[in-house]
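Trainee: Mind having a look at this structure? Questions to follow.
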Amino acid sequence: MPGTLLFGGSFDPIHHGHLIVARAVAEQLAAPRVVLIPSAQPPHKLNWTLAPAAERLKMCQLAVANDPLFEASDWELGQPGPNFTLQTVERFRTICAGPLYWLIGMDSLAELTTWRRVADLAAACTLVTARRPGFDVPDLGLLEGLIGADLVARIRAQIKDTPQIDISATELRRRVRAGQSIRYLAPEAVVRHIEQRGLYAAGR
């Protein structure tokens, strides 16, 4: 049965790198549905100042408008306090048929030992890792000690080669603050929204 690829993140802002990688992974999994899930306040970014959640959700919606592969979910934005990935996976398990995949980057793979109830998460869905520029496959020995060899083998088997798109939200924010163009780095509708709303501008 076709599965659903869940892609969570701050998306501050969403950009072409996110979309290209998510599509490449969905194609490899033969998943006909990708759900973008902007987080209200990621647990690992509690000290970060993010653009308002409603703005980040709107940019996700604009980015994938009229693309039948993608949709954007506001579910995490309505949850109190920091939301952990396992909670989101458990929620989507109740509303999605077929396999459930959670997409992470190689940087997140290196940090899985710090994730809440990571063994339960790895059992509740298939963790899929997209390779990204500048990150090698980390040593997963400590993770194996936490979740066992079988789940680590499952995670290793789902490391996907994807287009090496070296675009980051950090760089987009820096360019906006510096008054530089982000055209071609993010969907045009997202670029227009950032300009119209004055997001990420110096002094804002």
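Trainee: Taking segment 157-185 as the region of interest, how many residues are within 16 Å of Leu50 (Cβ to Cβ) and assigned to a strand (DSSP E or B)?
Mentor: 0
Trainee: Quick check on Ile37: is it buried (at least 17 other Cβ atoms within 10 Å of the Cβ) and touching a strand residue (DSSP E or B) at 6+ places or on another chain (Cβ under 6 Å)?
Mentor: Yes, satisfied.
Trainee: Still on this structure: Can you give me the number of residues within segment 87-136 that are closer than 19 Å to Val35 by Cα, surrounded by 20 or more Cβ atoms within 10 Å (Cβ to Cβ) and touching a residue at least 40 places away in the same chain (Cβ under 8 Å)?
Mentor: 8
Trainee: Moving on. Considering only segment 11-23, state which residues are surrounded by fewer than 22 Cβ atoms within 10 Å (Cβ to Cβ) and in contact with a strand residue (DSSP E or B) (Cβ under 7 Å, 6 or more places away or on another chain).
Mentor: Listed by number, the list holds a single entry, His16.
Trainee: Any idea how many residues of segment 157-204 are among the hydroxyl-bearing types (Ser, Thr, Tyr) and touching a Pro at 6+ places or on another chain (Cβ under 8 Å)?
Mentor: Qualifying residue count, segment 157-204: 1.
Trainee: Under 6 Å between Cβ atoms, which residue pairs at least 6 apart in sequence (or on different chains) link something in segment 68-86 that is in contact (Cβ under 8 Å) with a residue 12 or more places away in the chain and over 11 Å from Ser39 (Cβ atoms) with a partner that is surrounded by fewer than 16 Cβ atoms within 10 Å (Cβ to Cβ) and not aromatic (Phe, Trp, Tyr)?
Mentor: That search, which allows pairs on different chains as well, returns Leu86/Arg117; Leu86/Asp120.
Trainee: Which condition number in (1) in a loop (DSSP other than H, G, I, E, B); (2) farther than 18 Å from Val25 by Cα is the one that Gly145 fails?
Mentor: So Gly145 meets the others, but not (1).
Rule-based calculations on the coordinates, nothing more; no lab input. In this text, all values refer to a predicted model and were calculated from it rather than measured experimentally. Neighbour counts are summed over all protein chains in view; Cβ atoms, including those assigned to glycine, are modelled from backbone coordinates with ideal geometry.
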